[in-house]
Number of protein chains: 2
Amino acid sequence: MLLISKIALYTVVLLLVCAQAGNTLAGGDNAAVQSPKNVILIIGDGMDDHQISIARNYLVGARGRLSLDSMAHRSVVQVLTVDNAQPEKAVYVADSANSASAIASGSVTSRARIATSAGTDKDLPTLVELASAAGFRTGVVTTASVTDATPAAFYAHTNLRYCENPSMMKDALAYGRVPVDCSQDLIVNGGLGSIAEQLLSSDLDLAFGGGQKHFAMLGEGSSKSLLVQARESGFELLDSKAQLDKQYPNKKMLGLFARSTLPVVLRGQGGRGAEAAVPKQNGVSLPEAMPCENNPKFADTPSLKLMTEAALAHLSRESQAGFFLMVESASIDKQSHLRNACGSIGEVAQLNEALDSALLFAETHENTLIIVTADHGQAAQLIPSVSLYSNPDLAIYSPGKLFRIITPEGAVMAVNYATNDFVSEEHTGVNVPLFTNGVGKNILPSMLTQPDLFGVMSDYLGLDRQ
Amino acid sequence: MLLISKIALYTVVLLLVCAQAGNTLAGGDNAAVQSPKNVILIIGDGMDDHQISIARNYLVGARGRLSLDSMAHRSVVQVLTVDNAQPEKAVYVADSANSASAIASGSVTSRARIATSAGTDKDLPTLVELASAAGFRTGVVTTASVTDATPAAFYAHTNLRYCENPSMMKDALAYGRVPVDCSQDLIVNGGLGSIAEQLLSSDLDLAFGGGQKHFAMLGEGSSKSLLVQARESGFELLDSKAQLDKQYPNKKMLGLFARSTLPVVLRGQGGRGAEAAVPKQNGVSLPEAMPCENNPKFADTPSLKLMTEAALAHLSRESQAGFFLMVESASIDKQSHLRNACGSIGEVAQLNEALDSALLFAETHENTLIIVTADHGQAAQLIPSVSLYSNPDLAIYSPGKLFRIITPEGAVMAVNYATNDFVSEEHTGVNVPLFTNGVGKNILPSMLTQPDLFGVMSDYLGLDRQ
């Protein structure tokens, strides 16, 4: 009996060692199932592989590596969109509203919608709502307005992304030309109100970004501004970088650090943008190459990294269950629309630095799933600085606009913008990359759809998907 | 002593089980180290994520999956190029010659070079040479000429890709306008001769593709054509699809199935290509959308799948050591240069079908590493079929050329070509995808350079890297 017992004991010990080795080899993390579970979802708006390649070349050189390049696992994400009039019909290029809605709700929808269904306009439950209901803290951090399409899709429901504040709900024009009507969402009509009003009534513990202008006005049917309403709803209001150093325990936080989108970090020399090549006798005059420079308007703007660190500290303070945090570097996309390659590069750098903070946080908070992805592709293309076909006798040049950058490693990189002839470039329908830390390595397949991504995050937090 | 022995035995058994479990969890495949090791490298020329997204939408629908989407592991590859005059200086956009040379030799070089070093023009040992020297069989299969840049980089060495045959070695013009001089590679000057001549003197067991015209002429300083020389060197010559059904044991094989590049599978309706949008009163006339159709010229052309299957059968027949096979779908790139989206889609389909054959082969040949990648990015961009900013009052359209396709799932997909105004579009500098089967899952990091990829394949075959 003694012999058998000793062998049995030995067996148990070895099997435990064995199981532990297995877990380690498989990247398992069963060791601390009791600690809070956190999801940090970092979205680079428009950050497709082209944007990353362009930014890498400038920031660390062609052979360098960004932090996101060194993540434990890499996948690719299918961006799915449908037609509003015929919701079974595929549309091959998304906008930020429908793509963020797919990630936030698990449902494919049509362009410009914020977590509502194509055709039927039904509210689609979002990660912030499901996570809050399950006891998780929730937050959104962005370099755009906190009411912009990407963050909005995580906590609000409207048929049009443009309905950011009470003045935009009907008889309004977005960009001075796009007719807007969200009248069914008016509070007086039994709706949830504008996106800004929905933020205040949401379960969000924290929202940092720009968008002061959307909260400075009176609420629908109210004599109080949305800022006053926010304070009365228990939000601590922040509007300067220095305030992010302080702690606000047991408060909800609303940080609005600019009137609209936050200023970006980098710009072209002297503010120059992309320019057209000009044919000349015996060839072509390409736009003069330039280095990027710091954007003076950025100055006292809180960086995405700083906002992310403040958000992580707030959401994790004495946390029991854990949290869901969405962090968006919004102006990779916005600067690409404006054909400003330096602008986009600086915002990829901001994302990469915020990721560094998230990775550092995860070192001491073991059940933290970090996912970095983009919502859709963007117009910018890295093309040869001198044509593959260059020849003194031929004037070969882009029919669009070129942004020619002198990189710190001393070469010239040409970024082409030629998806349209309008003031703002188009999105593209390319699949987008996804990166995850070790926690996500074995739960993320090598390819997934945006709704699949919602499923991965929901399942990780054990949410009740409806 | 008996007790200790029994416990010791038990321990050994359990540790072996434990080690086996660890291997299984880590995806180890130590079970059959004795069977031949094979590498099948499938290159989609210009097959970046845009090309794959466009092809997927057409071939299987936006929510569908290609075989390559379902591979066990996915990585991304940095495409590296340097300047010939200043080999330390980065160039951000590659051509197929320098990128294939980096994969084939492990060294970054300058555009247009075939496995020779930037600046110094030294021959760089290639995978075909190293694998042949180590006893592996070797082959190249392509839909281009067998002397085109991508296959050539695996077995030849020239300073310019254009030196495909004896007539192109000096005082020649490529495309009727690019001056060509490879005189240092002339046999009379102690060189290895043109690429076609180097193919004949190489260790290749097999080359399938197009390029009859390069072998129909007399060899340098010879009264015999290269075809005659090939036969005398032990090559079985094939020039028709039906011949691929036969077996040619103990022979080297040279299959040349077209005068130059093989015809492609698909084309635009009636042969239509991309066209310019035309502004009109109150808007813009976009090119009429069309389905793709079979290219009648393809007819009796052997498919990439058929050539791949014949190559696998030949290289694996009574194989002891194993083989290295490079398979290229070349016209994804060539059709994109010509702004023919249907053409590129058909050639992604060809690659995907050849991959199916490789995967089937690997099911019964366990140590077969399959890698699918691209050599560089290409011009095509999937943009909205109707602008994001569409408005009856605005005429918004691409400044380049549009190829608007009606997909089998009934939607319209717009492919934009706008990198230049020349007869042929540019490449791009985006990172390219890499896919591998289970054998490669644990030996390929989530990001690598093209020279790293050479290292992975060399190490897998245990080659002596010089």
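The values are calculated or read from the model by the stated rules, or taken from the named source; none is laboratory data. Being a predicted model, the structure only gives us computed values, none of them experimental. Virtual Cβ from ideal backbone geometry, glycine too; neighbours counted across all protein chains shown. Keep in mind that these areas ignore ligands, DNA and RNA; they rest on the heavy atoms of the full protein, side chains included. Shrake-Rupley method; radii C 1.70, N 1.55, O 1.52, S 1.80 Å.
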In the stretch B:60-160, which helices (runs of 4 or more DSSP H) lie fully inside it and hold 3 or more residues that are in contact (Cβ under 8 Å) with a residue 60 or more places away in the chain and over 30 Å from A:Tyr92 (Cβ atoms)? B:96-105, B:127-133
Of all residues in the stretch B:365-376 being in a loop (DSSP other than H, G, I, E, B) and within 14 Å of chain A (Cβ to nearest Cβ), the one that is nearest to B:Asn420 (Cα to Cα): B:His376
Any residue at all in the stretch A:412-421 that is over 23 Å from B:Val432 (Cα atoms) and among the hydrophobic types (A, V, I, L, M, F, W, C)? no
Residue match in the stretch A:282-295 (condition: in contact with a helix residue (DSSP H, G or I) (Cβ under 6 Å, 6 or more places away or on another chain), open to solvent by less than 60 Å² (accessible area, probe 1.4 Å) and closer than 22 Å to A:Asn38 by Cβ): no
Number of positions in the stretch B:444-455 that are in a helix (DSSP H, G or I) and open to solvent by 10 Å² or more (accessible area, probe 1.4 Å): 3
When you go through B:Val439, B:Val415, B:Val456 one by one, which is the residue that is at pLDDT 95 or above and within 18 Å of B:Gln335 (Cα to Cα)? B:Val415
Just give me the residues in the stretch A:227-244 being over 23 Å from A:Tyr162 (Cβ atoms) and in contact (Cβ under 8 Å) with a residue 12 or more places away in the chain, in sequence order. A:Ser233, A:Gly234, A:Phe235, A:Glu236, A:Leu237, A:Leu238, A:Asp239, A:Ser240, A:Lys241, A:Gln243, A:Leu244
Cβ pairs under 6 Å, 6+ apart or interchain, first in the stretch A:399-418 and within 18 Å of A:Gly346 (Cα to Cα), second among the aromatic types (Phe, Trp, Tyr) and at pLDDT 95 or above, ordered by first then second residue, are A:Thr407/A:Tyr58; A:Met413/B:Tyr92; A:Val415/A:Phe403
Before we move on, is B:Leu453 at the interface with another protein chain (Cβ under 10 Å from one of its Cβ atoms) and either within 20 Å of the chain's Cα centre (by Cα) or of a type outside the set (S, T, N, Q) (or both)? no
Among the numbered criteria (1) at pLDDT 95 or above; (2) over 14 Å from B:Phe454 (Cα atoms); (3) not in a loop (DSSP other than H, G, I, E, B), which one does B:Leu173 miss? (1)
Just name the residue that is surrounded by the fewest Cβ atoms within 10 Å (Cβ to Cβ) out of those in the stretch B:101-149 that are at negative phi and among the acidic types (Asp, Glu). B:Asp123
Just the residues that are within 24 Å of A:Ala358 (Cα to Cα) and of a type in the set (Gly, Ala, Ser), please, taken from the stretch A:398-450. A:Gly438, A:Gly440, A:Ser446
Residues located in the stretch B:296-318, provided they are open to solvent by less than 20 Å² (accessible area, probe 1.4 Å) and part of a loop (DSSP other than H, G, I, E, B): B:Thr301, B:Pro302
Residues of the stretch B:69-100 classified as surrounded by fewer than 20 Cβ atoms within 10 Å (Cβ to Cβ), at the interface with another protein chain (Cβ under 9 Å from one of its Cβ atoms), of a type outside the set (S, T, N, Q) and more than 23 Å from A:Asp69 (Cβ to Cβ), total: 1
Which numbered condition trips up A:Ala62, out of (1) more than 9 Å from chain B (Cβ to nearest Cβ); (2) within 30 Å of A:Asn294 (Cα to Cα); (3) in contact with a Phe, Trp or Tyr (Cβ under 7 Å, 6 or more places away or on another chain)? (1)
Strands (runs of 3 or more DSSP E) (entirely within the stretch B:180-284) containing at least 2 residues that are modelled with pLDDT under 95: B:278-280
Run down A:Ala379, A:Ala395, A:Ala362 and say which single residue is more than 7 Å from chain B (Cβ to nearest Cβ) and open to solvent by less than 10 Å² (accessible area, probe 1.4 Å). A:Ala379
Qualifying position, being over 30 Å from B:Ala104 (Cβ atoms) and hydrophobic (A, V, I, L, M, F, W, C), among B:Ala299, B:Ala258: B:Ala299
All-but-one check, A:Asn57 against (1) assigned to a helix (DSSP H, G or I); (2) under 17 Å from the mean Cα position of the chain (by Cα), failing number (2)
Farther than 19 Å from A:Gly255 by Cβ and open to solvent by 10 Å² or more (accessible area, probe 1.4 Å), is that true of A:Leu200? no
Any residue that is in a helix (DSSP H, G or I), surrounded by fewer than 24 Cβ atoms within 10 Å (Cβ to Cβ) and not hydrophobic (A, V, I, L, M, F, W, C) - is there at least one of those in the stretch A:319-333? no
Kindly indicate whether any position in the stretch A:336-347 is at pLDDT 95 or above, assigned to a helix (DSSP H, G or I) and open to solvent by 10 Å² or more (accessible area, probe 1.4 Å). yes
Given (1) more than 9 Å from every other protein chain (Cβ to nearest Cβ); (2) touching a helix residue (DSSP H, G or I) at 6+ places or on another chain (Cβ under 9 Å); (3) assigned to a loop (DSSP other than H, G, I, E, B), B:Asp356 misses just (3)
Residue among B:Ala379, B:Ala374 that alone is small (Gly, Ala, Ser), closer than 19 Å to B:Val327 by Cα and modelled with pLDDT of 95 or more: B:Ala374
Applying the selection to the stretch A:403-443, what residues are open to solvent by 10 Å² or more (accessible area, probe 1.4 Å), more than 7 Å from every other protein chain (Cβ to nearest Cβ) and not polar (S, T, N, Q)? A:Arg404, A:Ile406, A:Pro408, A:Val412, A:Val423, A:Gly438, A:Val439, A:Lys441, A:Ile443
Of all residues making up the stretch B:41-54, the number that are outside any helix (DSSP H, G or I) and within 11 Å of chain A (Cβ to nearest Cβ): 1
If you go through the stretch A:456-466, how many residues are assigned to a helix (DSSP H, G or I) and surrounded by fewer than 19 Cβ atoms within 10 Å (Cβ to Cβ)? 1
Looking at (1) of a type in the set (Ser, Thr, Tyr); (2) at the interface with chain B (Cβ under 7 Å from one of its Cβ atoms); (3) over 30 Å from A:Asn282 (Cβ atoms), which is the only condition A:Tyr460 fails? (2)
I'd like to know if the stretch B:259-271 contains one or more residues that are farther than 21 Å from B:Ala149 by Cα, out of contact with any helix residue (DSSP H, G or I) (no Cβ under 7 Å at 6 or more places or on another chain) and in contact (Cβ under 8 Å) with a residue 24 or more places away in the chain. yes
Going by the conditions given, is A:Val278 among the β-branched types (Val, Ile, Thr) and either within 19 Å of A:Ser331 (Cβ to Cβ) or crowded, with 20+ Cβ neighbours inside 10 Å (or both)? no
